[in-house]
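The values are calculated or read from the model by the stated rules, or taken from the named source; none is laboratory data. These numbers were taken from a predicted model, which means no experiment stands behind them. A quick note on method: Cβ atoms are made from the backbone with ideal geometry, for glycine too, and the neighbour counts reach across all protein chains shown. With ligands, DNA and RNA removed, areas are computed over all heavy atoms of the protein, side chains included. Shrake-Rupley method; radii C 1.70, N 1.55, O 1.52, S 1.80 Å.
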Amino acid sequence: MGRNVGAAGGSADRSARRGAICGAALELAAQGGNRAVTHHAIDDRLAIARGSTSYYYRTRQELLRAAVIHLATTSRRAFQAALGDADASVPTVESAADLMAGQLDLLLGPRRPDALARYALAADAAGDAELREALAGCLFSVPAATGLFEALAAADSKQVPPSRKRAVPESGQLFGPEQAARDLVSLLEGLLLDRLHGTRSLLGLEAGTPASLADLRPPVLRWLTVLGNGIR
């Protein structure tokens with residue numbers, strides 16, 4: 001069904017139209033791969049006059065960058081909504097694991113098209129540094145993960161007596177919250193891709209079920225625990 005999206009109107013209308021165009025671009029990428037994303041295909045999907053998408057985004061690269069920024073905004077809102085629903089008490093590795101497993105499960109269920117679109121557009125980012133940077137952080141945020149580890153470290157310092165020495169990881173190396181955050185994001189990226197296209201995709205797990213969360217939470221919890229112990 002077409003959406004009422006045209007080229008005329010006020011600033012609010014133009015913003016809504018840009019959002020609809022970006023959303024359509026992501027839908028096309030998720031369903032047909034990166035080559036399915038064209039200006040004419042978006043015009044047809046939204047049932048708007050040919051040339052309407054080009055009015056807002058003259059080139060395909062402009063269109064793709066806008067779509068990825070739109071995806072990043074959607075991800076940020078979803079994460080903030082999850083934070084709002086989460087326990088507002090002092091964070092723990094257990095509560096953080098619950099939150100992240102839940103976010104991964106959303107990306108495998110209601111937000112699966114967002115994840116598929118992100119991977120479909122990866123080929124377009126190969127020669128475009130700006131698009132590659134936007135695409136890299138559109139689903140998982142290193143700054144947000146850094147903030148989490150800082151909060152966990154602060155909570156731990158209040159709960160652990162000064163006389164009790166923090167456990168050092170087997171590597172014997174300590175690292176900062178940002179390095180821990182990058183390692184955590186790499187784990188989340190791997191779990192998502194594995195459940196979409198890797199060996200975990202063969203398990204037949206359905207997103208939104210206890211079995212799906214039970215598959216995702218343990219590795220996240222283990223990783224959070226190890227990384228948390230190594231933060232200096």
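Numbers at a glance
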quantity: Per residue solvent-accessible surface (Å²) - region 173-220, probe of 1.4 Å; calculated: 51
quantity: Rough spin-label spacing in nm, given labels placed 7 Å along Cα→Cβ, for ALA126 and ARG58; calculated: 2.7
quantity: ³J(HN,Hα) computed for each position of region 12-22 - Karplus, 6.51 cos²θ - 1.76 cosθ + 1.60, integer Hz, glycine/proline x; calculated: 5, 5, 5, 5, 5, 5, 4, x, 5, 5, 5
quantity: Residues with amide H under 5 Å from that of PHE175, placed H, sequence gap 5 or more; calculated: ILE231, ARG232
quantity: Potential lengthening between GLU150 and ARG76 on full extension [0.36 nm per residue; Cα-Cα distance subtracted]; calculated: 24.7 nm
quantity: Mean Cβ count within 10 Å, highest first, over the residues of peptides 41-49, 189-197; calculated: 41-49, 189-197
quantity: Karplus-derived 3J(HN,Hα), 6.51/-1.76/1.60, for each residue of region 187-198, Hz, glycine and proline x; calculated: 4, 4, 4, x, 4, 4, 5, 5, 6, 7, 9, x
quantity: For peptides 50-57, 113-120, 75-82, sequence by mean Cβ density within 10 Å, most packed first; calculated: 113-120, 50-57, 75-82
quantity: Relative packing of 62-73, 123-134, 141-152, which averages over residues the other C-beta atoms within 10 Å, highest first; calculated: 62-73, 141-152, 123-134
